[in-house]
1. Taking 2.2 N^0.38 Å as the expected size of a compact globular protein, what ratio does the Cα radius of gyration of the protein assembly as shown give against it, to two decimals?
2. Can you give the extra length, in nm with one decimal, that the chain gains between residue B:59 and residue B:114 once fully stretched, where that is 0.36 nm per residue apart less the Cα-Cα distance?
3. Give the Debye-formula value of log10 I(q)/I(0) at each listed q (0.12, 0.15, 0.18, 0.21 Å⁻¹), with one equal scatterer per alpha carbon of chain B, two decimals each.
4. Tell me the trypsin sites (Lys or Arg not before Pro) within the range A:49-112 that lie in a loop according to DSSP and have at most 16 other beta-carbon atoms within 10 Å.
5. Within chain B, which is the longest segment that contains none of the GluC sites (Glu not before Pro) sitting in a DSSP loop with at most 15 other Cβ atoms within 10 Å?
6. Please work out the Kirkwood hydrodynamic radius for chain A, using every pair of different C-alpha atoms, and report it in angstroms with one decimal place.
7. Explain nothing, just the number: dipole magnitude of the protein assembly as shown about its Cα centre with +1 on each Lys and Arg Cβ and -1 on each Asp and Glu Cβ, in debye rounded to the nearest 20.
8. Taking amide H positions as placed in the peptide plane 1.01 Å from N, state which residues far from residue B:110 in sequence (5 or more) or on other chains have amide H under 5 Å from it.
Amino acid sequence: KQEVTQIPAALSVPEGENLVLNCSFTDSAIYNLQWFRQDPGKGLTSLLLIQSSQREQTSGRLNASLDKSSGRSTLYIAASQPGDSATYLCAVKFQGAQKLVFGQGTRLTINP
Amino acid sequence: EAGVTQSPTHLIKTRGQQATLRCSPISGHTSVYWYQQALGLGLQFLLWYDEGEERNRGNFPPRFSGRQFPNYSSELNVNALELEDSALYLCASSLVEGVGTNEKLFFGSGTQLSVL
């Protein structure tokens, strides 16, 4: 079964810290992996998309890496700010499946 | 450029009623996805429409149905509502350029459906 897991479910850190969110997936045959941000009661905002042929993508203070062989991706957030507080979701498009499979998300709180 | 728009923002229904949720994709996008986000359950794939056709369906009963119109907008219909249908329903659109592409999904803000 093609599944996506995110650990931890929740994370609370002081402002200014660098942090890493983890995502693992059960099948290395993927088309791409996408990281999203979701604010409470809102839709999803796409942060980064990593194609299967890529190792990482960067946008501002965010860096996402992909290791297909081990079935892992990380989202690195540098110099965290209170405005980064949200739920971060990892989603994988597996080969043979015309849909994104989502992890349960990591609820991130940045304390001022 | 307008993003994905969904209506209504909130919808309150009672058990047994029918609900209709609407989605307008980003201009130029031909593919629309529907996801259900129930409390504590994460996002579950419901339906995928492309070029007016249903292309894939998640593990949901037949009372969840939908359609895509010639202008690529989409409707999700839920019949015989049950209490557990209460959830945030999210629509996403993308431009599919071929099977196995790396298209990016863009999500709307969702419709919060409450079944009483």
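1. Ratio of Cα Rg to 2.2 N^0.38 Å: 1.01.
2. Contour length minus Cα-Cα distance gives 17.7 nm.
3. Here log10 of I(q) over I(0) equals -0.39, -0.60, -0.86, -1.15.
4. A:55, A:61
5. B:2-50
6. Taking every pair of different Cα atoms in chain A, averaging 1/r and inverting gives 14.0 Å.
7. Dipole of the protein assembly as shown, to the nearest 20 debye: 240 debye.
8. B:6, B:91
No value in this document is a laboratory result; all are computed from the given coordinates. Since we're looking at a predicted model, the values are computed, not measured. In this analysis, Cβ positions are derived from the backbone assuming ideal geometry, glycine residues included, and neighbour counts consider all displayed protein chains.
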